[in-house]
Amino acid sequence: MAFFHVACMSTLITPLTAILQSRSCVVMSGIEGRIVPTGSVAPLPKVGVLALQGGFHAHLKALERQACVQGVEVRSADDLADVDALIVPGGESTAIGHGLVNSDLLEPVRQFAATNPVWGVCAGMILLADELSGSKAQPLIGGLKVSVVRNAFGRQINSRYSSLELSASAVQGRLGDSAYFIRAPLVASVEQDVEVLASLPGDASKVAAVRQGNLLATCFHPEISSDDSWLQYFLGEVAGFAPAHFTKPPEPTSVAPWYAIPSKDAEPDTAVKRAFAVFQQGGVIMDVTNGEQARIAEAAGAVAVMALERIPADIKRDGGVARMSDPAMIQEVMAATSLPVMAKSRIGHFYESKILEALQVDCIDESEVLTAADEAHHIDKRSFKIPFVCGAQDLGEALRRIAEGAAMIRLKGNAGTGNVIQAVRHARSVFSEVRQLCSLRDDEIFAYAKTLRVPVELVQQVRDAGRLPVVTFAAGGLATPADVALLMELGCDGVFVGSGIFKGENPAQRAAAMVAACTHYKDPLKVAEASTGLGKAMVGLLEHDTPASVAALLDQQLSGKELRSAENKIGGIDLTVAA
């Protein structure tokens with residue numbers, strides 16, 4: 001007797017949130033060529049997505065499109081015990097590995113992977129491997145009898161949307177033959193019972209996808225490539241869930257990385273640059289001034305480091321003109337860590353950015369923390385091969401930077417102060433304006449685009465996606481784990497932390513606590529545990545002179561942009577720079 005899963009009728013009339021909570025499958029029996037109900041109802045198979053860091057949201061969105069399966073976040077051993085299969089997403093493998101250890105999840109996931117279906121994607125492939133080739137030791141799940149090379153293609157400038165050469169069984173299974181490779185690993189060697197499903201074109205030794213029984217691993221990202229074929233292969237062939245109907249992927253401009261699929265094997269374009277930041281989600285990016293601090297950041301579970309000669313608190317203290325850092329210091333940081341390395345250039349100083357691209361940093365921050373080089377013009381970021389992150393205080397400023405080519409937005413806050421108030425204000429401003437935009441009628445977005453001074457197509461994209469079409473991190477004044485959790489709860493994708501770590505006591509412990517708060521912001525008790533015993537935080541600066549309170553400016557009946565301008569003047573942000 002064969003069994004089939006058929007989606008229940010409620011999926012046709014029930015909102016999506018209710019479907020995910022309550023939908024089930026009627027078990028059907030194949031008898032003499034006819035499908036008839038058995039009268040029983042089977043619970044949906046649950047597919048967990050490890051949600052400690054990385055691009056887990058994209059996998060959950062893809063699972064929503066598959067009938068008769070339910071995608072759930074896995075952040076604890078209790079979550080893991082309730083799922084039938086697991087996806088370990090792309091991200092930073094060291095950050096996810098530290099997260100597994102610090103969440104007491106590493107051993108439970110190892111035991112789960114020994115007998116249950118697991119798909120490792122990019123960083124997930126690294127974590128499933130039994131051995132890393134040419135890399136220092138890091139926490140691994142293991143079980144997959146392969147050796148993997150991390151960052152096999154080099155730095156972000158070498159990331160591409162690339163072709164795949166499929167095996168005969170992969171062709172027969174109609175698996176996708178192109179995908180995003182973002183700072184991707186490759187399989188260096190496989191043991192006999194590992195099946196190779198895909199390799200790089202013309203070089204069978206460069207293995208990109210493998211299967212070993214209940215384990216599947218890919219070094220590329222189908223989940224952001226408008227390609228559900230690899231997910232359906234995992235669900236059907238690896239996990240053994242019954243085939244079911246599915247919804248086609250939406251337009252690529254409405255889901256990560258929020259841009260049209262590039263041409264195969266072309267030079268990096270906007271889509272590839274935006275895809276880099278997708279896998280920084282759920283993480284902490286830390287300011288560092290030398291290789292030792294970079295190693296502290298990596299050991300704490302950071303997803304990237306920002307290399308600069310002086311942290312923002314020291315820039316404010318010293319005064320004078322703040323410029324791009326010495327290339328020797330940047331290269332020292334790049335040599336000290338396997339994490340992505342970012343560096344700052346001055347607003348409008350495109351030649352500093354050309355130097356940083358020549359050094360092959362992974363991302364450039366066109367930063368208001370440094371002294372502006374051009375009071376009217378930001379850098380045209382579209383011609384660069386590596387992504388840029390830019391600051392914004394409101395939706396209009398964010399969209400203007402995106403129109404110039406920014407692949408990531410950093411809500412400005414007030415860097416170097418240890419005072420989170422402006423970071424909160426800017427987060428609330430951007431996210432409330434997005435909600436307002438989503439409520440507009442179709443014929444109202446044209447005037448709204450004129451008000452923001454941005455292309456109407458970009459406004460329409462925000463409305464369709466329900467969010468900014470790039471990853472959005474908070475920054476500026478985050479000094480405690482509670483600050484980090486607050487900004488994550490408000491809707492940020494991750495956080496930048498600088499002075500708050502190395503200007504406080506116990507920087508290594510404080511850095512790890514910031515990461516824990518970012519990972520477990522939904523659990524106040526875990527954030528409380530991370531906050532315990534850290535010692536004194538940085539003293540910080542109040543954002544106003546006399547009196548030092550928000551009420552002082554509110555008493556002057558300032559609001560909106562006038563209020564922000566008054567605060568920025570006191571906070572030291574250069575008002576002459578075009579917003």
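Of the beta bridges DSSP finds with both residues in the chain, what % are antiparallel, to the nearest 5? Please report the intermediate quantities before stating the final value.
Numbers: 34 of 80 bridges.
Given both bridge residues lie in the chain, the antiparallel proportion sits at roughly 45 percent.
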Unit charges at the beta carbon, dipole of the range 126-245: most positive-side option, Leu128, Ser159, Gly173: Ser159
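Taking the Cα centre of the range 82-204 as origin and charging only Cβ (+1 Lys, Arg; -1 Asp, Glu), how large is the dipole, in debye to the nearest 20? Mind showing how you got there, number by number?
Values: 8 positive and 13 negative charges, 101 e Å.
Dipole size: approximately 480 debye.
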Over the chain: helical MRE at 222 nm, DSSP H runs n ≥ 4 each giving -39500 (n - 2.57), nearest 500: -9500 deg cm²/dmol
Ile355 paired with Ala528, simple spin-label distance in nm, labels 7 Å along Cα-to-beta-carbon: 5.0 nm
Inter-label distance for Gln460 and Arg110, nm, one decimal - labels placed 7 Å from Cα along Cα-to-Cβ: 5.3 nm
Dipole of the range 395-515, positive end: most advanced residue of Leu399, Phe473, Ala415 [Cβ charges, Cα centre]: Ala415
Segments 159-167, 316-324 sorted - mean Cβ within 10 Å per residue, highest first: 159-167, 316-324
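Using a 1.4 Å probe on the protein chains only, how many percent of the accessible area of the range 49-178 belongs to carbon and sulfur? Show your work: numbers first, answer last.
Working: 2020 of 4510 Å².
Carbon and sulfur atoms account for 45 percent of the accessible area of the range 49-178.
Once you order the gyration tensor axes a ≥ b ≥ c over the Cα atoms, which shape class does the range 385-460 get: rounded for a/c under 1.5, otherwise prolate or oblate by comparing a/b with b/c? Mind dumping the intermediate values first?
Numbers: a/c = 2.95, a/b = 1.44, b/c = 2.06.
Taking the square roots of the gyration eigenvalues as a ≥ b ≥ c, the range 385-460 is oblate.
How high is the relative contact order of the range 260-341, in percent, counting Cα pairs under 8 Å that sit 6 or more residues apart?
30 percent
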Solvent-accessible area per residue, Å², over the chain with all protein chains present [probe radius 1.4 Å]: 40 Å²
Dipole of the range 231-306, positive end: most advanced residue of Val255, Gly301, Phe279 [Cβ charges, Cα centre]: Val255
Amide H within-cut-off set for Met408, under 5 Å, with H built and near neighbours excluded: Phe388, Cys390
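By average Cβ neighbour count within 10 Å, what is the ranking of 406-415, 171-180 from highest down? Walk me through the numbers on the way to the answer.
Values: 406-415: 28.7, 171-180: 18.1.
Result, highest mean first: 406-415, 171-180.
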Residues with amide H under 5 Å from that of Ser225, placed H, sequence gap 5 or more: none
Charge dipole (debye, nearest 20) of the range 270-409; +1 at Cβ of Lys and Arg, -1 at Cβ of Asp and Glu: 320 debye
Tensor-based shape of the range 46-85 (alpha-carbon gyration tensor, a/c under 1.5 rounded, otherwise prolate or oblate): oblate
Check: the chain dipole with +1 on Lys, Arg Cβ and -1 on Asp, Glu Cβ, in debye: 380 debye
Prolate/oblate/rounded label for the range 174-239 (Cα gyration tensor, a/c 1.5): oblate
Residues with amide H under 5 Å from that of Ala322, placed H, sequence gap 5 or more: Thr371
When each of Lys46/Lys145; Lys248/Lys526; Lys412/Lys450; Lys206/Lys354; Lys61/Lys503 is checked by Cα-Cα distance, pairs over 28 Å: Lys248/Lys526; Lys206/Lys354; Lys61/Lys503
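The values are calculated or read from the model by the stated rules, or taken from the named source; none is laboratory data. Quick caveat, the model's predicted, so the values are computed rather than measured. Cβ sites come from the backbone with ideal geometry, for glycine too, and all protein chains shown count toward neighbours. Just the protein is used for accessible areas: all its heavy atoms, side chains included, with ligands, DNA and RNA removed. Shrake-Rupley method; radii C 1.70, N 1.55, O 1.52, S 1.80 Å.
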